[in-house]
1. Which of the GluC sites (Glu not before Pro) across the stretch 3-110 are loop residues per DSSP, with 11 or fewer other Cβ within 10 Å?
2. Given a 1.4 Å probe and heavy atoms of the protein chains only, how would you sort V87, V45, largest accessible area at the top?
3. Just for the Cα atoms in the stretch 1-78, what are the lengths along the principal axes, largest first, rounded to whole Å?
4. Hey, got a sec? Which trypsin sites (Lys or Arg not before Pro) in the stretch 1-78 land in a DSSP loop and have at most 10 other Cβ atoms within 10 Å?
5. From Cα coordinates alone, what are the radius of gyration and Dmax values for the stretch 58-113 in angstrom?
6. Taking every pair of alpha-carbon atoms in the stretch 35-82, what share in percent sits in each 5 Å bin, from 0 to the bin with the longest distance?
7. Can you list which of the chymotrypsin sites (Phe, Trp or Tyr not before Pro) found in the stretch 70-110 are DSSP loop residues with at most 13 other C-beta atoms within 10 Å?
Amino acid sequence: MLIRNIKEFLKVTLNKKLICLDIGKKKIGIAISDHNHSLSFPLEVLIRNKEFLDKIRNIINNYSVGGIIVGQPLNEDGKVTRMSQTVSDITKNIEQFLLKYNIDLPIFFWDESYTSLEAEDITKFLFKNYKHQKKNLDKFAAKVILDDFLRECLNSNENRGSCHAQRCQN
């Protein structure tokens with residue numbers, strides 16, 4: 001279920017693991033949080049082919065995931081782009097596919113601006129050669145998006161759940 005209200009999303013995902021999807025033209029990077037929402041880990045990079053929906057379903061089942069964050073590419077003005085629409089369409093396809101298997105998870109869009117650049121900086125130090133860096137970049141971008149979400153929404157010193165809901169509007 002697509003949720004636009006951050007407080008509602010946080011309420012229904014309390015003490016549940018989250019996955020974050022960084023949806024690109026050819027690949028999808030996936031990161032996962034622990035159930036306390038205090039740690040996140042880069043998990044996997046999927047190729048957007050016929051099997052990717054089944055692979056996402058398997059990850060959700062294998063890791064007992066309770067919610068999905070989707071990186072939403074916005075332009076510098078915070079407006080949606082052509083890729084934003086593509087991400088929204090793919091997310092709706094994922095949601096419909098999961099519903100066929102009685103998996104109804106809350107889904108929330110989060111601004112992914114500049115996360116690929118940050119992921120490039122991180123992976124430069126982790127992988128010696130460019131080929132390995134490129135291969136792992138998308139899952140680290142998903143981790144950056146998830147870390148940003150967790151930092152702003154869950155681990156801030158403000159009231160829990162009062163993050164900047166304006167970060168992403170769909």
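1. Answer in residue order: E51, E76.
2. V45, V87
3. For the stretch 1-78, the Cα spread along each principal axis is 38, 33, 23 Å.
4. The qualifying sites are K25, K26, K50.
5. For the stretch 58-113, the Cα-based Rg and Dmax read 12.7, 38 Å.
6. In order of increasing distance, the bins hold 4, 14, 20, 21, 15, 16, 9, 1 percent.
7. Filter output for the stretch 70-110: Y101.
The values are calculated or read from the model by the stated rules, or taken from the named source; none is laboratory data. If you're wondering where the values come from, they're calculated on a predicted model, not measured in any experiment. Positions of Cβ are backbone-derived with ideal geometry, glycine not excepted, and every protein chain shown enters the neighbour counts. To get the accessible areas, we keep the full protein, side chains included, count just its heavy atoms, and leave off ligands, DNA and RNA. Shrake-Rupley method; radii C 1.70, N 1.55, O 1.52, S 1.80 Å.
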